[in-house]
Amino acid sequence: MIEFEKTFLLKTIPFDLQKYPHKELVDHYIPIESEHPKLRLRKRGNLYEITKKTLVQEWDSSVQREQTIELSKVEYEALAELPNKLIHKIRYYVPYEEFILEIDLFQENLDGLILMDVEFPDRQTMECFTMPDFCLADITQNELFAWGMLCGKTYASLSGLIKQYMGEI
């Protein structure tokens, strides 16, 4: 499947997120030796899956080939034992215009980081989307904010980059 998606750094949360459906996500990125692992093992509530995302064009992170396989809990637990890089977040699903905003509140060492993904049916719709005013920046093309790259980082280690987007540096 080809996925059209943009990622945004939020400056505020303009919604009462508790009113919207949400899931706890635990993502394991494999292999641990990779600086930017492309293989993701995910627990989403009681659902388990493994996904590989690859860029369709090397220069464009907004269009990726996504291959996902559903797993049983036993399969997930066995694969989760492999050395991996871990991210824990709460994802809220918020209707906005004709889209669903996926707002991620990161937990543990990335607590304080708030990112939002928006998926689109095609490139044209994606290119016509206007970034909402509660977003600080479109970070789709910034590899440092790719989920696999965030593994092992802390909010404090990203604060300089976030301040650049805020115009404070």
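What do the square roots of 5 times the Cα gyration tensor eigenvalues come to for the range 100-169, in whole Å, largest first, as semi-axes of the equivalent ellipsoid? Please list the in-between numbers first.
Details: eigenvalues 105, 43, 25 Å².
With the √(5λ) rule applied to the range 100-169, the semi-axes are 23, 15, 11 Å.
Carbon-plus-sulfur accessible fraction, the range 1-152 (probe radius 1.4 Å, protein heavy atoms only): 52%. Relative to the globular-protein estimate of 2.2 N^0.38 Å, the Cα radius of gyration of the range 32-128 stands at 1.21.
Ligands, DNA and RNA are left out, and with a 1.4 angstrom probe the accessible area of the chain is 55 Å² per residue.
What number, in percent, do you get for the relative contact order of the chain if the mean sequence gap of Cα pairs under 8 Å and at least 6 apart is divided by its residue count?
Working: 317 pairs, mean separation 49.7, N = 169.
Here the relative contact order equals 29 percent.
The ellipsoid equivalent to the alpha-carbon distribution of the chain has semi-axes of 24, 19, 17 angstrom, derived from the gyration tensor eigenvalues as √(5λ) and listed largest first.
For the range 1-41, run through the GluC sites (Glu not before Pro) and keep only the ones in DSSP coil with at most 16 other Cβ atoms within 10 Å of their Cβ.
On the way: sites: GLU3, GLU5, GLU24, GLU33, GLU35; in loops: GLU33, GLU35.
Answer by residue number: GLU33, GLU35.
For the range 1-104, the number of Lys pairs separated by eight or more positions or lying on different chains, with C-alpha atoms closer than 12 Å, is 7.
Under the definition of Cα pairs under 8 Å and six or more residues apart, what whole-number percent is the relative contact order of the range 88-168?
Working: 74 pairs, mean separation 16.9, N = 81.
Dividing the mean separation by the residue count of the range 88-168 yields 21 percent.
Of the chymotrypsin sites (Phe, Trp or Tyr not before Pro) found in the range 1-91, those in coil by DSSP whose Cβ has at most 16 other Cβ atoms within 10 Å are PHE15, TRP59. Both the radius of gyration and Dmax for the range 1-78 are 15.0, 39 Å, in that order, over alpha-carbon atoms.
The values are calculated or read from the model by the stated rules, or taken from the named source; none is laboratory data. Note that the coordinates shown come from a computational prediction; the quantities given were computed from them, not determined experimentally. Don't worry about glycine lacking a Cβ; one is built from the backbone with ideal geometry, like all the others, and counts go over all protein chains shown. To get the accessible areas, we keep the full protein, side chains included, count just its heavy atoms, and leave off ligands, DNA and RNA. Shrake-Rupley method; radii C 1.70, N 1.55, O 1.52, S 1.80 Å.
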